[in-house]
Amino acid sequence: MNSLRDELTKGLIWQKAAPLSRFSSEEWRSDAFGTLIRFADYGDRKSPHGWEIDHIKAVALGGTDDLDNLRPLHFRTNATLGGLLGQGLNAMNSTTRLGTVGLDGGGPGNSLLRS
């Protein structure tokens, strides 16, 4: 994020995180899972308080880049959720391929069960 528009978007998304009474809300907030994040640590996966912009409904599942579908999320949580989504999509694709192709490979001369 280096353009003015991107910085404004980042600020708007930051406002969605919950403010904490004992910290400056401009610097510290908590994400949707209650994890402490720091505004200055955006995109920093080496910081214990780094955060990223997450799609609430993944683009792969029909989500958009609209502000209503974006939220600040601690980078570890974001990575975990993304990994789980990837595993789920891979499992769905594997099931679909097996269901479509079938065990015989999908046609004459393509049997996977040949002896």
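Using the Cβ of W28 as centre and a radius below 15 Å, the other residues enclosed give a net charge of -1, where K and R count +1 and D and E count -1. When the surface is traced with a 1.4 Å probe over the full set of protein chains, L20 keeps roughly 40 Å² accessible.
Between A60 and D6, the C-beta separation translates, for a Förster distance of 22 Å, into a calculated FRET efficiency of about 0.50. The accessible-area ordering, largest first, of the residues H49, H74 stands as H49, H74, per a 1.4 angstrom probe.
Other residues with beta-carbon under 15 Å from the beta-carbon of L67 carry, at +1 per Lys or Arg and -1 per Asp or Glu, a net charge of -1.
The values are calculated or read from the model by the stated rules, or taken from the named source; none is laboratory data. Note that the structure is a prediction, hence the values are computed from the model and not measured. Cβ: placed from backbone, ideal geometry, glycine included. Neighbour counts: every protein chain shown. Please note that ligands, DNA and RNA were not included when accessible areas were found on the heavy atoms of the full protein model with its side chains. Shrake-Rupley method; radii C 1.70, N 1.55, O 1.52, S 1.80 Å.
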